[in-house]
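Engineer: Structure incoming, see below.
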């Protein structure tokens, strides 16, 4: 560490652990040395001051073979808050090592959404054992959440919330909040419901605290609210939170009844996860988690490499068709990868912009034509600029004006095609209800490579450049 050296057996208070020193390599090494030496007290003393999120990170940074020993040394520190912050793969391995009643005890401490995140990946038999160990109310709440589709609002929501009738006064609400022992620990607004438990408005806590007790809650509540259907995809939920700057939102079932709420802290995780997923899918890297088992990562990546191999054969076939042309002018072999490569980069740029616009609802059916026109305009401008540069450079380098003109025309053609493919391919996949982040790159790359070779070699042949 910068100034403080930690040693196995040294008391955490004596080490003067500073926030900036937590989870630095020296600190992690000190904890692991204590674990390997069997000094559980030292490992526990070092980890005890850490925030739950830091304890989760410490477990993730520990080699997999040492995690069971570390978990045993700090068992009393690994509570629901720690597991809720932990990487999915690491958490699953730790949960598998716990007894069902231990998992049940941890789940009982958590809000429904966090408890579901822990239980949902367990084997069916283990799930049943954990649910049987829960008290009836917790079991019913978690079973209901598990009945909703994965990555839906129903899985994301927590059932613990505060809902009051419209006829109550502010004083009634305050008294209720003060005498109720089992309210959720974190909430920023109170939901107002009608007799059928349908939400009709919300009231921020700040409004309640500043309003006289005699005022009806119906007079201070905000009737406009954003309601989240229970089956809405979590990505759409995150978009609504971003668009309307929400802190929390009511979740309703198919009949419009209030069944839970989603808070912004959960949405922050979703935004991060979805953004990471889209980036990894564009590259075909699967989940891309460094804690994912090697064979699972292999399976996730190899299928895209095989698909890329198949699409690359299309480009190879086109080159074969012009084998005679290439033999008569070797310079074509040196230059044609430039046309395909620059076109591929242009297509990737447009594709990335389009996929992001689709993911954030910036690109919809109402502005599709305008978006295509815009990307084509950019492609034409980029194509003209790059064509002039490469055409001039090739003409000067090879002393062959016609060759410069051919590569300039091919470059312009391929960049325009790349711009069109970069926007049309993701749009088409989206209209077919396929994830554009998953397959777009393969089709765009195939298009730019194939058309780049075809345009360059075809123009070279048609122009009589090769005699």
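Engineer: If I ask for residues that are without any contact (Cβ under 8 Å) to a residue 12 or more places away in the chain and farther than 19 Å from residue 332 by Cβ, which ones from segment 304-321 would you list?
Structural biologist: 306, 309, 310, 313
Engineer: For segment 1-84, please list each of the helices (runs of 4 or more DSSP H) lying entirely inside it that holds at least 1 residues being in contact with a helix residue (DSSP H, G or I) (Cβ under 9 Å, 6 or more places away or on another chain), at pLDDT below 85 and under 19 Å from residue 96 (Cβ atoms). Before the answer, list the steps.
Structural biologist: Values: elements: 25-36, 40-47, 52-61, 67-73.
Filter on segment 1-84 gives 67-73.
Engineer: Mind checking whether some residue in segment 330-353 is in a loop (DSSP other than H, G, I, E, B), out of contact with any strand residue (DSSP E or B) (no Cβ under 9 Å at 6 or more places or on another chain), at pLDDT 75 or above and in the same structural domain as residue 425 (by TED's automatic domain parsing)?
Structural biologist: yes
Engineer: Considering each of 367, 361 in turn, give the residue that is outside any helix (DSSP H, G or I) and farther than 23 Å from residue 450 by Cβ.
Structural biologist: The unique qualifying residue is 361.
Yes/no per residue for (1) over 16 Å from residue 416 (Cα atoms); (2) surrounded by fewer than 21 Cβ atoms within 10 Å (Cβ to Cβ); (3) touching a helix residue (DSSP H, G or I) at 6+ places or on another chain (Cβ under 9 Å); (4) without any contact (Cβ under 8 Å) to a residue 12 or more places away in the chain:
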| site | (1), (2), (3), (4) |
| --- | --- |
| 332 | yes, no, yes, no |
| 339 | no, no, yes, no |
| 343 | no, no, yes, no |
| 347 | no, no, yes, no |
| 350 | no, no, yes, no |
| 361 | yes, yes, yes, no |
| 365 | yes, yes, yes, yes |
| 373 | no, yes, no, yes |
| 376 | no, yes, yes, no |
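Engineer: Looking at 96, 88, 121, 114, can you tell me which residue is surrounded by fewer than 17 Cβ atoms within 10 Å (Cβ to Cβ), touching a helix residue (DSSP H, G or I) at 6+ places or on another chain (Cβ under 6 Å), assigned by TED's automatic domain parsing to the domain that holds residue 59 and within 24 Å of residue 61 (Cα to Cα)? Please lay out each step first, then the result.
Structural biologist: Numbers: 96 fails: touching a helix residue (DSSP H, G or I) at 6+ places or on another chain (Cβ under 6 Å); 88 fails: touching a helix residue (DSSP H, G or I) at 6+ places or on another chain (Cβ under 6 Å); 114 fails: surrounded by fewer than 17 Cβ atoms within 10 Å (Cβ to Cβ).
None of the other options fit; the residue is 121.
Engineer: Please state which one of 418, 395 is within 18 Å of residue 449 (Cα to Cα) and either modelled with pLDDT under 95 or touching a helix residue (DSSP H, G or I) at 6+ places or on another chain (Cβ under 6 Å) (or both).
Structural biologist: 418
Engineer: Go through segment 261-272 residue by residue and tally those that are closer than 18 Å to residue 189 by Cα and either part of a helix (DSSP H, G or I) or in contact with a helix residue (DSSP H, G or I) (Cβ under 7 Å, 6 or more places away or on another chain) (or both).
Structural biologist: Residues in segment 261-272 being closer than 18 Å to residue 189 by Cα and either part of a helix (DSSP H, G or I) or in contact with a helix residue (DSSP H, G or I) (Cβ under 7 Å, 6 or more places away or on another chain) (or both): 5 in total.
The values are calculated or read from the model by the stated rules, or taken from the named source; none is laboratory data. In this text the structure is predicted, and so the values were computed from the model without any measurement. Heads up, the Cβs are rebuilt from the backbone with ideal geometry, glycines too, and the neighbour counts pull from every protein chain shown.
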